[in-house]
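Some notes on the structure that comes next.
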């Protein structure tokens, strides 16, 4: 029997991704140290801009400003950080040779030099140099366990196992893969554990130890159902299809193949959501119009019947009563259907207006970006670096605005078609706010806005993570948009009640009157306008916030005065432990 061998699923743990995950929980030592260095060297403008863009994952801007810092300063400590910024940027852009060169320029005195070795190991493994990768990973493995380090030991053990697997030292590979999996089981890290199970299964399968491999393929498949990664789900399902095909269980193999194709198509289906939503609305309107036409015809018949009943009322009193009853029933149904038609007309008008305004805003943004890029090219030719800095920030602001509009549009579509992922869980409010606010610090820095955050560390809310981020992001974006130069924005919590936590986003912007507040809080799908025609907006962000708050069983309050400022108050349910 010829057995189909699997390609080994190289589950390289991306340490920057893991660091980002730790950062959300406040345990990222390197990120904290970078922020401390930014405060210590606050006069180093290029370094501060480089670290801000680094945290925003804006790799091109990070490369520009880190190089400016390297060219303008001889501080060895800052040089190490700038080379690290540049190395990570190249790594994320999959330019591994350039990343390797930057990592090797970092001095051994760098406080987080062990992270440099981890990245060099990963790059060597990606370049199919397992011996070199093994040396780097083993150096990190030897670090004492009692120290405080900013990496995941299970990922190091797992990668050592992969190196041995590439070198066909199966006994050593088995030892380290199981060590890594054991730590992941203790940490209940389902995402990494799914990959570990698949690599262990591949280890046995490549040695033709089917009885040992198949249970781990099954474990990986079962565990993949609990994670959000479509790629891992597809890989686990495909593995099971091949396993069952080798076992001659073709019906079950076909079932897994169909499931694999479903996961494969699910990502493409999201790109079609707008077309489907538009077709569904048009179909619904046509159906309602048919119902209205049928009802109108029925009403004409009933009018004729009523006239006949009036002429023969003496002889057919009972029949007349029945006719009146049915007539009233039809009138009531007519009102209900007419109200539904009016509601659909409003929804359709809203959709048309939304498409019109969004297309106008996107066209304006793209045109502004085109014009700015033209100026950028001219200044590059004349080497006018001061103007280049302004134009780059201008391009970033335009791109951020267009991105936020498209992001809100996609989330609105997913919400309307009920296709978005939604899972309520216990969330640390201060950590979520801290993560969102970092993405906007550069925008506030450009407008010289003073920012304060005083969110209680003891508040935990019961909400969906993605929708909570969208709510805070939109309200913070509005606060920045309506704040003047040298303004002030504050995020803080009010004393909570027995059931709710209250998060306040306060700005010193233009504010609004009572009529505007009532209009914004009204339960409507109509679009809103700002005060002047030059700033017409979709109002989609605020509508999205209200819809997502309602879905999370929360509510929105607004306190504002004209020319004084605005307070947007989010009320979210507290997380309550059982007992």
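Remarks
- Test result for residue 88, within 16 Å of residue 150 (Cα to Cα), modelled with pLDDT of 90 or more and surrounded by 15 or more Cβ atoms within 10 Å (Cβ to Cβ): yes
- If the condition is being over 18 Å from residue 108 (Cβ atoms) and without any contact (Cβ under 8 Å) to a residue 24 or more places away in the chain, then the range 125-135 contributes only 129.
- Positions within the range 222-240 being touching a residue at least 24 places away in the same chain (Cβ under 8 Å) and part of a helix (DSSP H, G or I), in sequence order: 223, 224, 230, 232, 233, 234, 235, 236, 237, 239
- Qualifying residue in the range 462-479 (condition: part of a loop (DSSP other than H, G, I, E, B), more than 12 Å from residue 566 (Cα to Cα) and touching a residue at least 40 places away in the same chain (Cβ under 8 Å)): no
- Screening residue 434 with (1) in a helix (DSSP H, G or I); (2) in contact with a helix residue (DSSP H, G or I) (Cβ under 7 Å, 6 or more places away or on another chain); (3) in contact (Cβ under 8 Å) with a residue 60 or more places away in the chain gives one miss only, at (2).
- Residues in the range 180-196 that are at pLDDT 85 or above and either buried (at least 19 other Cβ atoms within 10 Å of the Cβ) or touching a helix residue (DSSP H, G or I) at 6+ places or on another chain (Cβ under 7 Å) (or both): 0 in all.
Per-residue answers, yes or no, for (1) in the same structural domain as residue 242 (by TED's automatic domain parsing); (2) within 25 Å of the chain's Cα centre (by Cα); (3) closer than 19 Å to residue 184 by Cα; (4) modelled with pLDDT under 90:
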| site | (1), (2), (3), (4) |
| --- | --- |
| 21 | no, yes, yes, yes |
| 29 | no, yes, no, yes |
| 32 | no, yes, no, yes |
| 49 | no, yes, no, no |
| 55 | no, yes, no, no |
| 59 | no, yes, no, no |
| 67 | no, no, no, no |
| 73 | no, no, no, yes |
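Listed here are the residues, each with its yes/no results for (1) buried (at least 22 other Cβ atoms within 10 Å of the Cβ); (2) over 30 Å from residue 169 (Cβ atoms); (3) out of contact with any helix residue (DSSP H, G or I) (no Cβ under 7 Å at 6 or more places or on another chain).
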{"residue": "36", "(1), (2), (3)": "no, yes, yes"}
{"residue": "45", "(1), (2), (3)": "no, yes, yes"}
{"residue": "60", "(1), (2), (3)": "no, yes, yes"}
{"residue": "97", "(1), (2), (3)": "no, no, yes"}
{"residue": "115", "(1), (2), (3)": "yes, no, no"}
{"residue": "131", "(1), (2), (3)": "no, no, yes"}
{"residue": "147", "(1), (2), (3)": "no, no, yes"}
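- Here residue 219 meets the list (1) at pLDDT below 80; (2) surrounded by fewer than 23 Cβ atoms within 10 Å (Cβ to Cβ); (3) within 32 Å of the chain's Cα centre (by Cα) almost entirely, failing just condition (1).
- When every residue of the range 261-271 is checked against the conditions, at least one turns out to be within 30 Å of residue 196 (Cα to Cα), at pLDDT 75 or above and in a helix (DSSP H, G or I).
- Some residue of the range 277-293 being within 52 Å of the chain's Cα centre (by Cα) and modelled with pLDDT of 80 or more: yes
- Residue 179, sole failed condition from (1) in the same structural domain as residue 85 (by TED's automatic domain parsing); (2) assigned to a helix (DSSP H, G or I): (1)
- In the range 87-148, counting only helices (runs of 4 or more DSSP H) that sit wholly within it, the ones holding 1 or more residues that are closer than 22 Å to residue 179 by Cα and under 30 Å from the mean Cα position of the chain (by Cα) span 113-126.
- For residue 346, the test of being surrounded by 15 or more Cβ atoms within 10 Å (Cβ to Cβ), part of a helix (DSSP H, G or I), at negative phi and modelled with pLDDT under 80 is failed.
The values are calculated or read from the model by the stated rules, or taken from the named source; none is laboratory data. Source: prediction; values computed, not measured. Cβ sites come from the backbone with ideal geometry, for glycine too, and all protein chains shown count toward neighbours.
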